[in-house]
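Participant: One structure is given below, represented as structure tokens, and several questions about it will come after.
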């Protein structure tokens with residue numbers, strides 16, 4: 001009897017541990033895996049867009065990319081778009097750029113509703 005009770009307790013503990021582990025995976029957050037232009041890079045004034053790939057699918061209605069110049073003025077040509085064929089890819093078109101420092105700020109809301117955000121800078125060469 002003691003053996004079956006111990007097996008029952010052990011199996012219930014295993015089920016609880018597996019359930020908690022699966023729950024942790026269900027609450028994913030989307031983080032960048034690739035950025036173009038990348039953080040700290042220098043690009044020509046002909047740069048046409050900013051694109052970021054994430055490690056999880058994005059909710060298009062709540063995810064965004066904004067790009068501002070050194071004075072805090074927006075330089076995006078419209079809203080960021082999540083690629084319909086790859087919901088891990090988001091991009092935004094840029095207006096013509098002048099030499100200087102630019103800041104990219106992104107917000108990624110994963111399909112499960114969890115929100116992450118970040119920012120980085122790149123330089124446009126003269």
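The values are calculated or read from the model by the stated rules, or taken from the named source; none is laboratory data. On a predicted model such as this, the values are computed, not experimentally measured, just so you know. Glycine also receives a Cβ, built like all others from the backbone with ideal geometry; neighbour counts cover every protein chain displayed.
Participant: Looking only at segment 24-42, filter to residues that are within 20 Å of residue 95 (Cβ to Cβ) and assigned to a strand (DSSP E or B); which one of those is nearest to the chain's Cα centre (by Cα)?
Facilitator: Pass one, segment 24-42, residues within 20 Å of residue 95 (Cβ to Cβ): 35-37, 41-42.
With assigned to a strand (DSSP E or B) added as a condition, the list becomes 35-36, 42.
Numbers: 35: 10, 36: 13, 42: 22 Å.
Result: 35.
Participant: Just checking, does segment 43-55 include any residue being at pLDDT 55 or above and either farther than 22 Å from residue 104 by Cβ or in a helix (DSSP H, G or I) (or both)? Before the answer, list the steps.
Facilitator: In the first step, residues of segment 43-55 are kept if they are at pLDDT 55 or above; the result is 43-55.
Checking which are either farther than 22 Å from residue 104 by Cβ or in a helix (DSSP H, G or I) (or both) leaves us with none.
The answer is no, given that none of the residues of segment 43-55 is at pLDDT 55 or above and either farther than 22 Å from residue 104 by Cβ or in a helix (DSSP H, G or I) (or both).
Participant: Anything in segment 46-63 that is surrounded by fewer than 20 Cβ atoms within 10 Å (Cβ to Cβ) and under 19 Å from the mean Cα position of the chain (by Cα)? List them, or say none.
Facilitator: Result: 49, 51, 53, 55, 56, 57, 59, 60, 61, 62.
Participant: May I pose another question? Within segment 108-119, can you find the residues that are in contact with a strand residue (DSSP E or B) (Cβ under 6 Å, 6 or more places away or on another chain) and crowded, with 18+ Cβ neighbours inside 10 Å?
Facilitator: 108, 109
Participant: A follow-up question, please. Considering only segment 82-114, state which residues are part of a strand (DSSP E or B) and over 13 Å from the mean Cα position of the chain (by Cα). Explain how you work it out, then say what you get.
Facilitator: Start the filter on segment 82-114 by keeping residues that are part of a strand (DSSP E or B), which leaves 82, 89-94, 100-110.
The answer is 92, 93, 94, 100, 101, 102, 103.
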